[in-house]
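Written below as structure tokens is the structure these notes are about.
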Amino acid sequence: MRSLLSQFRAFELLAHVRFSTALLGSVLALTLLAADAPAETTNTSQLSSLSKPMMLTPPFGSTGGGQAMFVEVEEPAAQRGKSSIACRFASSPAVDGHYDMRSGHYICLVPPHPRPESVDVTIVINGLTFKMPEPYVYTTHGKHDAPVTKVHVPRLQERVQWIKEQLPNKVKLCAVLKNGNPPGWLGKAMSTAASVDYFCVPRVQDGIALRRAGVKVPIIVMYLTDASYVPQLLHYELQPAAYSLAWINKVNQVLERVGQRLDVHLWIDTGMSREGVLPDEALPLARAIHESPNLHLQGISTHFCCINKDDLVALNNNDLNNETVLQKQRFDQVVTQIRAEGIGRDALLHASSSNGLRYGLTPIYYDMVRVGTMLFENPEPENRNYTWETRILQVKTMPKGWCINYGCKERWDEEIRVGLVGHVPDDEVDYYIRGKKVETFLDHETVVVLDLSDFPDVGVGEEVTIAFNGDNSVLNTSYSAPITLEGGMLD
Ligand SMILES: *Cc1c(COP(=O)(O)O)cnc(C)c1O
């Protein structure tokens, strides 16, 4: 399969020139069969053939399309603005462009595209086709002044495979896509790579995004799904959490009327005060699900508040001073109670998140482990599953005594050289130049001031790598920079 990464090609004038009266205008009915074929000798056509596209601005934009892409065209002064132009993105039909007097550029409106990926662009000017050297990068919707984050799909897939291998054979993997962006394509990439048994998502919308990207495995919508979502849950085969009798009754009414059946997970709050019913209230819910011909108890679940590395010892010693042990005990009691009534004997039990796996807490793996954070961690900091790069836009030397930041609580005690980057919509990041970490003096997101005292020969235009610090990943935070996928392997 062709790589999604578009290779850098020399500015290439395609050998063939199409006959197109629409593009050339009715006055110029030229029959050019090849670029080197004898051209018509009218002035206009000689001039037209000298027009060629130089730069596309901006070189990226959202998959929704509709944005103006400006095409700088080098052409003789007499021809300026008079050329016919069309732009083609990937294999979608070419779109006609027009000349914009104000900017002195031609404009094409970018068509929508199904995925955030790089595509080839060809520009047709006066019937001549030019393949542009750089691809157009379709991204997710994000703050479009921010540098594009490129997710390396194969590396992410290797990670998912590795996680799967860490689990005992019988234990299923639920990949938690909590804040990932774009959830649909990330999910698709993951399930193509390894046998992800389930996906767990916070919102119905994320589940829909996964289905639309072609994910086939079961999907759990954790947390509180409003009962009014029944049609979406049924249509997209999403499994919600059952969290109250009122919710069960409401959902049941609709299911009865339309004659459909829904798989649900009974979620139990065993000690976190967040989603789920308290253990004492779980049995009546289990009974209500069991008695309904329209509901199926697919799973019983809880979430741990406080997993840490000492828990295995505590679990083995049944140490009830340990929160994890306590939560496990409450969970087990409820499950035993429910199963004693012949309910949920085949229900999938799932409780642990990444840290359970990280610390090898096998007693809490049950039938399935829900892994989020660990899926997105990089094997080493220098081997990331994404790249995020920007450039230094300005360099200046700050005079001694100059105020630093609002309020002037600090001043430079000596002259210092700084470099500025702009529009990085997250301040939980580190900056690297030539692989070396750079100190951040100010991070206002719109403007970031970096310490260049250790980089005397770094100037404007130098590449700066942006990386999330700690366990955080661009793929696991709610975050608003545009994202694109690269490296292929999505099909
Ligand atoms: C966030 C979350 C997970 C995944 O947790 P990680 O630590 O990211 O692996 C699993 N289950 C629930 C209910 C969660 O909220």
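The values are calculated or read from the model by the stated rules, or taken from the named source; none is laboratory data. Note that the coordinates shown come from a computational prediction; the quantities given were computed from them, not determined experimentally. Because the Cβ atoms are built from the backbone with ideal geometry, glycine has one as well, and the counts that use them run over all protein chains shown. These accessible areas exclude ligands, DNA and RNA; they are computed on the full protein's heavy atoms, side chains included. Shrake-Rupley method; radii C 1.70, N 1.55, O 1.52, S 1.80 Å.
Residues in region 427-442 that are of a type in the set (A, V, I, L, M) and surrounded by 16 or more Cβ atoms within 10 Å (Cβ to Cβ) were compared, and the one that is farthest from residue 384 (Cα to Cα) is 438.
Scanning region 269-283 for any residue that is among the charged types (D, E, K, R), assigned to a helix (DSSP H, G or I) and touching a residue at least 40 places away in the same chain (Cβ under 8 Å) turns up nothing. Set side by side, the residues 286, 242 differ, and just one is within 16 Å of the ligand (Cβ to nearest atom), open to solvent by less than 10 Å² (accessible area, probe 1.4 Å) and small (Gly, Ala, Ser), which is 242. When residue 91 is tested against the conditions (1) open to solvent by 10 Å² or more (accessible area, probe 1.4 Å); (2) touching a residue at least 12 places away in the same chain (Cβ under 8 Å); (3) more than 27 Å from residue 425 (Cβ to Cβ); (4) not β-branched (Val, Ile, Thr), the lone failure is (2). Under the condition of being open to solvent by 40 Å² or more (accessible area, probe 1.4 Å), farther than 24 Å from residue 200 by Cβ and not in a helix (DSSP H, G or I), the residues counted in region 309-342 number 7. When 278, 312, 283, 266 are screened for being of a type in the set (A, V, I, L, M) and in contact with a strand residue (DSSP E or B) (Cβ under 7 Å, 6 or more places away or on another chain), only 266 passes. Assessment of region 411-426 against the conditions (under 21 Å from residue 476 (Cβ atoms) and buried (at least 17 other Cβ atoms within 10 Å of the Cβ)) yields at least one matching residue.
When 241, 227 are screened for being touching a residue at least 12 places away in the same chain (Cβ under 8 Å), among the small types (Gly, Ala, Ser) and in contact with an Asp or Glu (Cβ under 8 Å, 6 or more places away or on another chain), only 241 passes. Apart from one condition, residue 306 fits all of (1) exposed (fewer than 15 other Cβ atoms within 10 Å of the Cβ); (2) more than 16 Å from the ligand (Cβ to nearest atom); the exception is (2).
Among the conditions (1) at positive phi; (2) in contact with a helix residue (DSSP H, G or I) (Cβ under 9 Å, 6 or more places away or on another chain), residue 248 misses just one, which is (1). Among the residues of region 452-466, is there at least one that is surrounded by fewer than 18 Cβ atoms within 10 Å (Cβ to Cβ), in contact with a Ser or Thr (Cβ under 7 Å, 6 or more places away or on another chain) and part of a loop (DSSP other than H, G, I, E, B)? Looking for residues that are surrounded by fewer than 18 Cβ atoms within 10 Å (Cβ to Cβ), in contact with a Ser or Thr (Cβ under 7 Å, 6 or more places away or on another chain) and part of a loop (DSSP other than H, G, I, E, B), one finds none in region 452-466, hence no.
So that you can scan it fast, the table gives a plain yes or no per residue for (1) surrounded by fewer than 22 Cβ atoms within 10 Å (Cβ to Cβ); (2) within 16 Å of the ligand (Cβ to nearest atom):
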| site | (1), (2) |
| --- | --- |
| 127 | no, no |
| 138 | no, no |
| 162 | yes, yes |
| 169 | yes, no |
| 180 | no, yes |
| 190 | no, yes |
| 202 | yes, yes |
| 207 | no, yes |
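Note on region 254-277: among residues that are touching a helix residue (DSSP H, G or I) at 6+ places or on another chain (Cβ under 9 Å), open to solvent by 50 Å² or more (accessible area, probe 1.4 Å) and over 23 Å from residue 206 (Cα atoms), the one that is farthest from the ligand (Cβ to nearest atom) is 258. For region 362-400, filtering for residues that are part of a loop (DSSP other than H, G, I, E, B) and either open to solvent by less than 30 Å² (accessible area, probe 1.4 Å) or within 13 Å of the ligand (Cβ to nearest atom) (or both) leaves 6. In the set 217, 230, only one residue is open to solvent by less than 80 Å² (accessible area, probe 1.4 Å), away from the ligand (no atom under 15 Å from the Cβ), modelled with pLDDT of 95 or more and assigned to a loop (DSSP other than H, G, I, E, B); that residue is 217. Applying the criterion of being farther than 16 Å from residue 54 by Cα and in contact (Cβ under 8 Å) with a residue 40 or more places away in the chain to the residues of region 97-113, the residue that is surrounded by the fewest Cβ atoms within 10 Å (Cβ to Cβ) is 112.
Based on this model, can you work out whether residue 116 counts as out of contact with any Asp or Glu (no Cβ under 7 Å at 6 or more places or on another chain) and open to solvent by 30 Å² or more (accessible area, probe 1.4 Å)? In short, no.
Residue by residue through region 336-355, note down the ones that are within 16 Å of the ligand (Cβ to nearest atom), touching a helix residue (DSSP H, G or I) at 6+ places or on another chain (Cβ under 6 Å) and more than 15 Å from residue 175 (Cβ to Cβ). Passing the criteria: only 351.
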